[in-house]
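Quick notes on the structure that follows.
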Amino acid sequence: MANRVVVHSNRPDADAVEKIAGRLRARGVEIVDQQPHMLLVAGDKETVGHALGDAQGWSVSEVTTVPPPTTRFSIGKPPS
């Protein structure tokens, strides 16, 4: 799978997501998913950061994943 990073808004006065998405597309960055204050993009952090430039109120961070909890419970020993 290609590297993916998250571009997210961290201030209420940040540039509009449509403006940021247009800027990234113009610089050849593929947008995988788009939400009102967050974009999932394909690429490495440094390249996307350069494409983002000096956009007001936006940051780039690595994608983090959380594994699902285990649903298989084991029976323990009875209390003694």
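FYI, it's all coordinate maths here, none of it is from the lab. Worth saying up front: this structure is predicted, and the values here are computed from it rather than measured. When we count neighbours, we look across all protein chains shown, and the Cβ atoms used for this are built from the backbone with ideal geometry, even at glycine.
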Using θ = phi - 60° and the Karplus relation 6.51 cos²θ - 1.76 cosθ + 1.60, list the HN-Hα couplings for region 70-76 in order, rounded to whole Hz, with x at every Gly or Pro. 6, 10, 9, 9, 9, 7, x
I need the per residue convex hull volume for the chain, using only the alpha carbons, in cubic angstrom as a whole number. 153 Å³
Rounded to the nearest 20 debye, what is the charge dipole size of the chain about its Cα centre when +1 sits on each Lys and Arg Cβ and -1 on each Asp and Glu Cβ? 380 debye
Between residue 21 and residue 74, Cβ-based FRET efficiency (R0 41 Å, step 0.05) works out to 0.30
